[in-house]
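Taking it in order: structure first as structure tokens, then the write-up.
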Amino acid sequence: EELRMSFPKNFLWGGAVAANQCEGAWLTDGKQPNVTDVLVGIMSKDPGIKWNKEAEKYEMHLNPDKKYLSHDGIDFYHRYKDDLKLMAGMGFNTFRTSIAWGRIFPNGDEEKPNEAGLRFYDDLFDTMNTLGMEPVITLSHYETPLHLVTEYGGWSNPLLINLWLRYVKAVFERYRGKVKFWLTFNEVNALFRMPLVAGGVLTIKDPKDPDDPIGSTTLQDQWDAYHNLVVANAETVKLAHEIDKNYQVGCMLTCSGVAVYPYNCDPENVLGTLDRKRMDIYYFGDPFCLGIIPSYLQRVWDEQGVHVSFTQEELETIKNHTVDFFSFSYYRSTTFDKEINMQGDTGGLSGRENPYLTDKAPEPWGWAVDPKGLRYTLNVLYDRYHLPLMIVENGVGLDENLNEHDTIDDDFRIHYIDEHIKNVHEAILDGVDCRGYLYWGPIDVVSAGTGEMKKRYGFIYVDRFNDGHGTLERKIKKSYYHYKEIIETNGECLINK
């Protein structure tokens, strides 16, 4: 008998964005710059910070030749009520966004929170709740206040733990009864690929080369940030449960790296693949979910010549305050071959091309599409952590323009989500406790990786372009109605498709 396609009754269907990619209003109502406000795309070689020799410190340094699209985003800050109505029109019962830390504590080290920032999120969450959407709120989505980086060195400095907890306590107390699901640090396991954005890490000392715009971020700095972030995560869980026993706190890791396959059965490639999974996922996942610092890290630290040590008290806190659920992003898989250097970006890792994956997204990005990789990832994570899972990012960015009917026939996006959602269902049949599917970028936003508007993920088109022009008018794409049908039927419209 054929298994029927349906999802658990209270399955969370929705979409996800980040404050820094959609809100704009980057210096409005008291907000000060964060790390992503000074970047043009996370993979940018121009980090927007420069060493001031006279003042002997780092300062914001915007490039006059570049367009910082995130400064205006899609003006979600002023248009969120209409945008959320569009989401509700698809039947969303959940919506993920982030709180920009710098709206609440503009520089990150103030004693008291900024009331205008708190009020904005009060209204935002009230609107979501009124429309029947469960808020899933990221506390830090690549949004460390810039002042904490230039003054303190970011997360490599243990002082950040208490400054973070001051912010977290303020929002946990303020939004009690409005928000139930919290995510701590977005894709924090990208720390070693993108230290400035994922860990807000910068070495604060006179750099060897004063003209080097980002100074010298050392491996020791990065591991110090790891130490402080792992402690801060446990302290956040502890604080959340003290403030409201109904709060559910999840970690958020980039997990495309779970679906790194050995390129062939050479044992060195099999071991290399295991090593990537450990280093890319488990070194954060294990402390967050299992309450342990993985034993294999000692070898890593010895080989890298770094010193990391947790106090007994910190180890107890980590052990006793693990997350309630595991949320993650998945975009694509790749293969590991010892002959090839792996590269990484916001979509995950890329090694040697997989000859078995013939389905590819259109150029210019052309990612190989691997929906079975999502099923594989769900199974691996559930087998390891035995926690409820939530997919909070999965989507495809396309270069799109309106047709003569003022819409976009984004059939490839429809194909992409159908195949991935079918594999989520397969994983649920495998016994995985998956609670939700939140599509990344249900409305076009500024791409984090490239800093462009050209890379569009949305079911809703926004009239804005790479050079900054555009009316910001919203238009509905074909995929909007398709996703609406998936939600209305709780996935059953995908039977036999």
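The table below lists the values:
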| item | result |
| --- | --- |
| Selection count where residues are crowded, with 19+ Cβ neighbours inside 10 Å and modelled with pLDDT under 95, scope the range 2-26 | 2 |
| Filtered residues of the range 289-316 (kept if surrounded by 16 or more Cβ atoms within 10 Å (Cβ to Cβ) and either free of Cβ contacts under 8 Å to residues at least 60 places away in the same chain or touching a Lys or Arg at 6+ places or on another chain (Cβ under 7 Å) (or both)) | GLY291, PRO294, LEU297, VAL300, LEU315 |
| Residue list for the range 360-384, filter: in contact (Cβ under 8 Å) with a residue 60 or more places away in the chain, in a loop (DSSP other than H, G, I, E, B) and either open to solvent by 20 Å² or more (accessible area, probe 1.4 Å) or farther than 18 Å from VAL260 by Cβ (or both) | TRP365 |
| Considering residues of the range 170-205 that are closer than 17 Å to VAL323 by Cα and not in a strand (DSSP E or B) only, the residue most open to solvent (accessible area, probe 1.4 Å) | LYS180 |
| Enumeration of residues in the range 345-359 that are outside any loop (DSSP other than H, G, I, E, B) and open to solvent by less than 30 Å² (accessible area, probe 1.4 Å) | GLY348, LEU349 |
| Output for the range 156-169, where each listed residue is aliphatic (A, V, I, L, M) and open to solvent by 10 Å² or more (accessible area, probe 1.4 Å) | LEU159, ILE161, LEU163, LEU165 |
| Tally of residues being touching a strand residue (DSSP E or B) at 6+ places or on another chain (Cβ under 7 Å) and surrounded by fewer than 22 Cβ atoms within 10 Å (Cβ to Cβ) across the range 234-265 | 6 |
| Condition met for ARG332 (charged (D, E, K, R), crowded, with 20+ Cβ neighbours inside 10 Å and either assigned to a loop (DSSP other than H, G, I, E, B) or free of Cβ contacts under 8 Å to residues at least 12 places away in the same chain (or both)) | yes |
| Residue within the range 433-448 that is outside any loop (DSSP other than H, G, I, E, B) and open to solvent by 50 Å² or more (accessible area, probe 1.4 Å) present | yes |
| Selected residue (only one of ALA25, ALA16, ALA55, ALA88 is touching a Lys or Arg at 6+ places or on another chain (Cβ under 8 Å), of a type in the set (A, V, I, L, M, F, W, C) and without any contact (Cβ under 8 Å) to a residue 60 or more places away in the chain) | ALA25 |
| The range 43-70, subset hydrophobic (A, V, I, L, M, F, W, C) and open to solvent by 20 Å² or more (accessible area, probe 1.4 Å), residue farthest from the chain's Cα centre (by Cα) | ALA55 |
| Sole residue being of a type in the set (Asp, Glu) and either open to solvent by 40 Å² or more (accessible area, probe 1.4 Å) or assigned to a strand (DSSP E or B) (or both), chosen from GLU400, GLU404 | GLU404 |
| Residue among LEU84, LEU39, LEU124 that is crowded, with 17+ Cβ neighbours inside 10 Å, within 29 Å of ASN466 (Cβ to Cβ) and at pLDDT below 95 | LEU39 |
| Only one of ASN394, ASN423 that is more than 19 Å from the chain's Cα centre (by Cα) and either at pLDDT below 95 or open to solvent by less than 40 Å² (accessible area, probe 1.4 Å) (or both) | ASN423 |
| For GLU268: the one exception among (1) surrounded by fewer than 16 Cβ atoms within 10 Å (Cβ to Cβ); (2) in contact (Cβ under 8 Å) with a residue 40 or more places away in the chain; (3) within 19 Å of ASP345 (Cα to Cα) | (3) |
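To keep it simple, each residue is scored yes or no on (1) open to solvent by 10 Å² or more (accessible area, probe 1.4 Å); (2) in contact with a Gly (Cβ under 9 Å, 6 or more places away or on another chain); (3) under 30 Å from GLU23 (Cβ atoms).
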site: ASP409; (1), (2), (3): yes, no, yes
site: ILE417; (1), (2), (3): no, yes, yes
site: ILE428; (1), (2), (3): yes, no, no
site: LYS455; (1), (2), (3): yes, yes, yes
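The values are calculated or read from the model by the stated rules, or taken from the named source; none is laboratory data. Computed from a predicted model, the values in this text were never measured in an experiment. All Cβ positions, glycine included, derive from the backbone under ideal geometry; neighbour counts span all protein chains shown. Calculation scope for accessible area: heavy atoms of the full protein, side chains included, ligands and nucleic acids excluded. Shrake-Rupley method; radii C 1.70, N 1.55, O 1.52, S 1.80 Å.
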